[in-house]
Amino acid sequence: MSFGKGIATAVGIGIGIPLVCGVGIVFAATSGDEGSASDAPVTGGGKLRVGKGHVPAQYARLIEEAAADCDQGLSPGILAAQIQQESNFNPDATSYETKTDKNGRTYEAPLAKGISQFIDSTWDTQGLDGNGDGVKDVRDPEDAIPSQGRVMCDLLKIAKRHPKYVGSPIELALAGYNSGWGWVDYYEGVPPERFANGQTYHYVKNVMANAAKFTVLNGGEPSSEGWALPVDGPLGTPYRQKGSAWVSGYHTGIDFAVPVGTPVKASGPGAVYSAGWAGSYGNQVIIRHNDGTYSQYAHLAEKPSVRAGQKVSGGQQIGLSGETGNAYGPHLHFEIRTGPTYGTDISPIPYLRKRGVAV
């Protein structure tokens with residue numbers, strides 16, 4: 001179980017911000033310019049991989065519904081990876097803490113319980129009767145998983161009020177769930193590795209790294225128009241997220257939360273405009289498409305596998321995701337632009353949707 005299980009301290013969380021280029025892994029609550037009718041909110045919903053090595057079938061619906069009930073963009077893959085980290089999907093799991101009695105003898109006392117590992121004080125205030133049977137049972141996944149989703153949703157909401165904290169909203173929410181939001185406030189971000197012997201720091205890293213393996217990935221095959229998602233993985237930082245960490249004051253693309261080495265593909269047919277090192281963006285590729293727009297793929301792990309002038313088709317691999325340049329954690333930063341240079345960005349999601357890409 002997690003350190004101190006401090007989720008009792010906060011039903012809400014502060015969010016962190018990606019570095020200069022929009023690097024943090026943040027699950028999208030909205031997408032596009034404010035007030036744009038063509039940019040419907042993009043939630044963190046979706047489907048889970050079910051079966052051996054993935055999500056046990058009996059819990060998949062509960063996790064998906066808990067994520068869908070959150071209006072802050074909570075991914076079911078995150079909830080699934082979090083449950084794996086907390087209890088390995090065991091509803092009877094119990095964590096213990098060492099205490100000392102009045103005679104100075106130490107003993108192990110139950111601390112956190114159930115599939116989502118709630119401590120008693122948090123369960124008393126945040127537990128839900130998810131299945132409507134009149135009982136709030138911390139060991140019943142039908143109660144615990146919806147409760148976990150609500151706590152994480154509230155933490156995400158608070159996180160987004162703290163754009164200067166180090167870490168993305170989802171990372172900050174996870175840290176708050178693990179150690180208590182008070183520590184996130186204290187460190188103004190995800191607590192560092194020196195805190196609690198690195199437990200919260202590695203908890204957040206592990207959940208973020210494992211989320212993709214529980215998620216049914218979209219966009220693997222090009223649409224009928226030859227367009228595809230640039231990478232198979234869940235959405236991260238949304239377009240136009242505001243924050244002082246970005247030169248422009250907002251995020252100029254969208255991020256995909258994927259581990260280093262994930263294949264990155266051309267989103268559509270065109271010709272490579274440039275490929276190579278690009279400072280804050282690390283290793284990147286820019287493609288000029290047949291309609292005159294450009295797409296950018298940044299923070300690649302190594303030198304791109306394509307070269308300037310080369311023709312590419314939608315879905316063709318152009319490199320591997322990484323965290324080069326100004327990146328806080330591994331991910332793919334993706335932009336759609338009206339020109340090849342910084343500052344010509346437009347919202348990527350409606351652009352891709354118009355070309356038949358499911359996102």
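The table that follows gives values for the structure above.
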read-out: Qualifying residue in the stretch 348-358 (condition: exposed (fewer than 15 other Cβ atoms within 10 Å of the Cβ) and within 21 Å of the chain's Cα centre (by Cα)); value: yes
read-out: Residue satisfying all of: in the stretch 206-228; at pLDDT 80 or above and over 17 Å from the mean Cα position of the chain (by Cα); least open to solvent (accessible area, probe 1.4 Å) among these; value: A228
read-out: Hits in the stretch 314-334 (condition: farther than 30 Å from Y201 by Cβ and open to solvent by 60 Å² or more (accessible area, probe 1.4 Å)); value: Q317
read-out: Enumerated strands (runs of 3 or more DSSP E) restricted to the stretch 235-337, each holding at least 3 residues that are at pLDDT 95 or above and touching a Ser or Thr at 6+ places or on another chain (Cβ under 8 Å); value: 283-289, 294-300, 317-320, 332-337
read-out: So R337, is it open to solvent by 10 Å² or more (accessible area, probe 1.4 Å), under 25 Å from the mean Cα position of the chain (by Cα) and either within 28 Å of I170 (Cα to Cα) or of a type in the set (V, I, T) (or both); value: no
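The values are calculated or read from the model by the stated rules, or taken from the named source; none is laboratory data. Just so you know, these numbers come straight off a predicted model, no measurement behind them. Don't worry about glycine lacking a Cβ; one is built from the backbone with ideal geometry, like all the others, and counts go over all protein chains shown. Heads up: the accessible areas ignore ligands, DNA and RNA and are worked out on the full protein's heavy atoms, side chains in. Shrake-Rupley method; radii C 1.70, N 1.55, O 1.52, S 1.80 Å.
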